[in-house]
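Here the structure comes first, spelled out in structure tokens, and everything after it is commentary.
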Amino acid sequence: MSAAATPLMAQYREIKARHPNAILFFRMGDFYEMFYEDAEVAARALDLTLTSRNNGGAAEVPLAGVPVKAAPEYLRRLVQQGHRVAICEQMEDPKLAKGIVKRAVIETVTPGAAFADDLLDAARNTWLCAISGAADGAVEVGIAAVDLSTGELRLVRARRADAEAVLARLAPRELVVPTGAMGEAVAPLVAGVEALVTPREGWEFEPALATDALAQHFGVRSLEGFGIGPADDAAVGAAGALLRYLKELQPGGVPHLARPIVERPGGTMPLDEMTRRNLELVESLRASGDTTGTLLGVLDRTQTPMGARLLRQWILAPLTEVAAITARLDAVGALSGDGLARTALREALDGVRDIERLAGRTAALRATPRDLRALGDSLARLPAVRAAVPTPAAGVLAEVLAAWDDAAEVAAELQRTIVARPPLAYGEGETVAPGVDATLDELRAIADGGKDAIAALQAEERARTGIASLKVGYNRVFGYFIEITNANRDLVPADYQRRQTLTGAERYITPALKAFEEKVLNATERMETLERELVEGLRARVGAQVTRLQGIARRCAQLDVLAALAEVAAQEGYVRPVVDDAPGLEIVRGRHPVVERMMPRDQFVPNDVTFSPEARMIILTGPNMAGKSTILRQIGLLVLMAQMGSFVPASAARVGVMDRVFTRVGASDNLVRGQSTFMVEMAETSAILHTATSRSLVLLDEIGRGTATWDGLSIAWAVTEHLHDQVGCCTMFATHYHELTQLADRLSGVRNANVAVREVGEQILFLHRLQPGGADRSYGIEVGRLAGLPSPVIVRARELLRHLEQEQVAPPADGTPTTNPVADPSAAPVAARRVGRATGAPSATASDQFALFVATPDPATEALRARLSAVDPDTLTPMQALALLAELTAAAREGGRG
Ligand code: ADP
Ligand code: MG
């Protein structure tokens, strides 16, 4: 019989058929085996040797295996590479099985559904998300996010336009999406998400079905108690689909989830991916995954993993309501102003372990005795944490204290039951403390007594036989034995029964030894079972309180984040910003929180910036390396910091709450997604123009750079006008197109600013100081010189520049402010002249300089236009329409040739 046809392989195929999208770890004794394609994929991913299973028949089955002992590491690598792994165990003892051992998949581990600590990053949530959006073009989508390791469940409602930003914030490891019509509706929203995508049938996202499933899971009659209503349908549907998926992954039962938190649009600011990346909030542009060089890196002085995760959440979801922001600022203020309290609080938090994940594991019945003890020890620190909060408690601190819960009896029970340092496995030492269970104590006495008795027996037998080297030993196969070296074989008494022969010795037993053995082994075995029962009972009792424990974890996380923000504020000299609803913002002596840390103290040059409705737009010019990008990002960071409730690096600041902050950097590469950089840049810019409101902050860095100069300049010009006239947002536009400075004369809300440089001979010195007025030129040659261009090149470039500048026609200086370059040709930049030339138009007079911007009517075009406007489409038959189209096309071609 060939390998492929054995009953074992039949069993394999039957199980595999139910897990087509996962790599199946098929337990065979001490190995997890993988077959066929799974084996090939895993061999490649894990660098394993691919063998084949063949019992002599024709069909060879590709095979790869990993030892069960090493499986966690292999599992980690596979999941990290985005694979799903279904774990199929032997469900009975092979020794007792009749025929093929029963096997079943007990769990499927996926990037989004993992528990083991080594699969998780302590400092961030591992979100498994699902997205649902009605196919009928509804304005909102629903996103459900679950973190299995902490039990958090979030239902997020978002406007369609914000969906990408919400997903970017959550950065899920895995995303569940509907198939079918709804799938098509959400496809564009999830195209950019870098996660394993798991498609599920559209009906699984049905809100009615989901409502029942959630109610059942939480054991409530309706979801209203959670504050969930019909308006949340889409998010509920997504949660229902998630729950169904989880049930498949965890056939043994989905672990308890905390009561769902609903996030509705409004309270927090959606941050799109480009803004998050360009401002380097939690990930640096250079190295992804590393927090050095990011805002998170600067702010993260948290002491606990749950604090680190919450800080990350706060950074990625700044608030938009003044009251909520003030409550956080009040708390940070109280702690930054009271160094003693702050230190005490941070010290108290220092010993608190990851209560959130420990509680999650406990509820999932996966916590080890060590986990339980760590949970107990952490809970035991809560009174000290509580006592360290300065009173009267301000802002969020008061909210935290009002809800405070030490769970003292849980802590006490855990600490009383489990020894301080439990062994890794039952039986390798005491797990349950003495005094917890009378039976256990009794068994221990017997086991200990038995061991003493065996020691006594060894002494006795030595005396009786006169063999000084006689020893009593133990092994798994033969149990207790008396070992006697061959040299003393003659002295062995008659009542010894030989059991095993070794090279230099013989092993014996005696009836007395066997009697002791039985007693000890019995006791040891019963002790192990009893300890396991006691721990599992405790785990179930504590696990049932998971919601309460998660609340505790949440409050610790809040205190931790607030203390961390206060610590940075005190250490780095940040001030409390005034946050209000008035438009605009003022920053006095602001600094870039990350860049300032990369240079010696006080080297960073602080700068003032003001935006008001009257001066809402700043065109920032200056040479390369002057510090334009730094100022731009600094403003964005300060606003986000203020709105997340942090103090800011400045001597004073007022921030009128912004509904959105957008940051775009021109010519930024997005090769990963295979789009041209310019296309990406334009797509991003267009997204801003569509989404920004008068309460938004828009930061544009060298937009329009990815194409030919004059195209780019024209686009930059038009974008600026649109933002100024139509949107009315606060805008800073950093550009080396110093031609854009002319806009300040034409648009009332535009101001020019530049970053100062000083010319020293032919060199330039960067002062990094923001000053009013536009830069007169780009200093590109000086920068090229600094960068080491050979001096003949520099000399030649200067010569060319002089030549070009002389040739250039100065822009008309008449300009009444205008919004329409077509109506007012003089609004077009000087660039137009060269464009005119390039297209072959003569450039003699001022008016035809602007050929590109002004539609010069020509007779053929006019004739066509007249014909077209005479047509009434409603009265045309399809045939007539076709004939007309042919005629018009012919006429157009004719006209084009003339
Ligand atoms: P630009 O965008 O004008 O080309 P950058 O903002 O990239 O210039 O700044 C160039 C470098 O100048 C930065 O890497 C930083 O080291 C330094 N720099 C910028 N702003 C300041 C400042 N305010 N104080 C001190 N150094 C600065
Ligand atoms: Mg720059």
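Every residue, every condition in (1) within 19 Å of Glu73 (Cβ to Cβ); (2) open to solvent by 70 Å² or more (accessible area, probe 1.4 Å); (3) over 31 Å from the mean Cα position of the chain (by Cα), yes or no:
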{"residue": "Ala5", "(1), (2), (3)": "no, no, yes"}
{"residue": "Ala10", "(1), (2), (3)": "no, no, yes"}
{"residue": "Lys16", "(1), (2), (3)": "no, no, yes"}
{"residue": "Asn21", "(1), (2), (3)": "no, yes, no"}
{"residue": "Phe25", "(1), (2), (3)": "yes, no, no"}
{"residue": "Phe31", "(1), (2), (3)": "yes, yes, yes"}
{"residue": "Phe35", "(1), (2), (3)": "no, no, yes"}
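Counting just the residues of the stretch 643-669 that are among the small types (Gly, Ala, Ser) and under 22 Å from the mean Cα position of the chain (by Cα), which one comes out nearest to ligand 1 (Cβ to nearest atom)? I'd like the intermediate steps shown before the answer.
First, the residues of the stretch 643-669 that are among the small types (Gly, Ala, Ser): 645-646, 650-653, 656, 666-668.
Filter once more, keeping what is under 22 Å from the mean Cα position of the chain (by Cα): 645-646, 668.
Numbers: Gly645: 25, Ser646: 20, Ser668: 13 Å.
If we take residues in the stretch 643-669 being among the small types (Gly, Ala, Ser) and under 22 Å from the mean Cα position of the chain (by Cα), then Ser668 is nearest to ligand 1 (Cβ to nearest atom).
If only one of Glu248, Glu174, Glu224, Glu204 is open to solvent by less than 30 Å² (accessible area, probe 1.4 Å) and under 25 Å from Ala363 (Cα atoms), which one is it?
Among Glu248, Glu174, Glu224, Glu204, only Glu174 is open to solvent by less than 30 Å² (accessible area, probe 1.4 Å) and under 25 Å from Ala363 (Cα atoms).
I need every pair where a residue in the stretch 763-777 that is over 24 Å from Asp602 (Cβ atoms) has its Cβ under 9 Å from the Cβ of a residue that is open to solvent by 60 Å² or more (accessible area, probe 1.4 Å) and within 16 Å of ligand 2 (Cβ to nearest atom), sequence separation at least 6 or different chains.
Correct list of pairs: Gln763/Leu786; Ala775/His736.
Mind counting the residues in the stretch 27-51 that are without any contact (Cβ under 8 Å) to a residue 24 or more places away in the chain and assigned to a strand (DSSP E or B)?
Looking only at that region, the number is 1.
Considering each residue of the stretch 367-417, count those that are open to solvent by less than 10 Å² (accessible area, probe 1.4 Å) and modelled with pLDDT under 95, and give that number.
1
Which members of the stretch 580-593 meet the condition of being modelled with pLDDT of 95 or more and of a type in the set (A, V, I, L, M)?
Within the stretch 580-593, Leu585, Ile587, Val588 meet the criteria.
Applying the selection to the stretch 293-351, what residues are hydroxyl-bearing (Ser, Thr, Tyr) and more than 18 Å from Ala388 (Cα to Cα)?
Scanning the stretch 293-351 gives Thr294, Thr320, Thr326.
Specify which of the listed residues (Gly427, Gly449) is open to solvent by 30 Å² or more (accessible area, probe 1.4 Å), part of a loop (DSSP other than H, G, I, E, B) and among the small types (Gly, Ala, Ser).
On inspection, the qualifying residue turns out to be Gly427.
Quick check: anything in the stretch 282-296 of a type in the set (Ser, Thr, Tyr), surrounded by 24 or more Cβ atoms within 10 Å (Cβ to Cβ) and in a loop (DSSP other than H, G, I, E, B)?
No; the residues of the stretch 282-296 include none that is of a type in the set (Ser, Thr, Tyr), surrounded by 24 or more Cβ atoms within 10 Å (Cβ to Cβ) and in a loop (DSSP other than H, G, I, E, B).
For residues that are touching an Asp or Glu at 6+ places or on another chain (Cβ under 7 Å) and open to solvent by less than 30 Å² (accessible area, probe 1.4 Å), scanning just the stretch 192-201, find the one that is modelled with the highest pLDDT.
Top of the filtered list is Thr198.
Of all residues in the stretch 629-663, which are open to solvent by 10 Å² or more (accessible area, probe 1.4 Å) and within 16 Å of ligand 2 (Cβ to nearest atom)?
Ser629, Thr630, Arg633
Out of curiosity, is Arg758 free of Cβ contacts under 8 Å to residues at least 24 places away in the same chain, within 16 Å of ligand 1 (Cβ to nearest atom) and either of a type outside the set (Gly, Ala, Ser) or surrounded by fewer than 20 Cβ atoms within 10 Å (Cβ to Cβ) (or both)?
Yes.
For the stretch 612-627, give me each residue that is within 9 Å of ligand 2 (Cβ to nearest atom), touching a strand residue (DSSP E or B) at 6+ places or on another chain (Cβ under 8 Å) and open to solvent by 10 Å² or more (accessible area, probe 1.4 Å).
Met625, Gly627
Answer yes or no: is there a residue in the stretch 674-690 that is within 18 Å of Ala734 (Cβ to Cβ), more than 14 Å from ligand 2 (Cβ to nearest atom), modelled with pLDDT of 90 or more and touching a strand residue (DSSP E or B) at 6+ places or on another chain (Cβ under 9 Å).
So far as the stretch 674-690 goes, no, none of its residues is within 18 Å of Ala734 (Cβ to Cβ), more than 14 Å from ligand 2 (Cβ to nearest atom), modelled with pLDDT of 90 or more and touching a strand residue (DSSP E or B) at 6+ places or on another chain (Cβ under 9 Å).
Where in the stretch 589-671 are there strands (runs of 3 or more DSSP E), lying fully within it, with 1 or more residues that are more than 30 Å from Asp745 (Cβ to Cβ)?
Per the criteria, 652-656.
Going through Ala553, Ala569 one at a time, which residue ends up being open to solvent by less than 40 Å² (accessible area, probe 1.4 Å), touching a Lys or Arg at 6+ places or on another chain (Cβ under 9 Å) and within 23 Å of Arg381 (Cβ to Cβ)?
Step by step, each of Ala553, Ala569 is checked, and only Ala553 is open to solvent by less than 40 Å² (accessible area, probe 1.4 Å), touching a Lys or Arg at 6+ places or on another chain (Cβ under 9 Å) and within 23 Å of Arg381 (Cβ to Cβ).
What are the residues in the stretch 531-550 that are under 14 Å from Leu382 (Cα atoms) and open to solvent by less than 10 Å² (accessible area, probe 1.4 Å), if any?
Correct list: Leu549 only.
The values are calculated or read from the model by the stated rules, or taken from the named source; none is laboratory data. Being a predicted model, the structure only gives us computed values, none of them experimental. All Cβ positions, glycine included, derive from the backbone under ideal geometry; neighbour counts span all protein chains shown. The accessibility values were calculated without ligands, DNA or RNA, using every heavy atom of the protein model including side chains. Shrake-Rupley method; radii C 1.70, N 1.55, O 1.52, S 1.80 Å.
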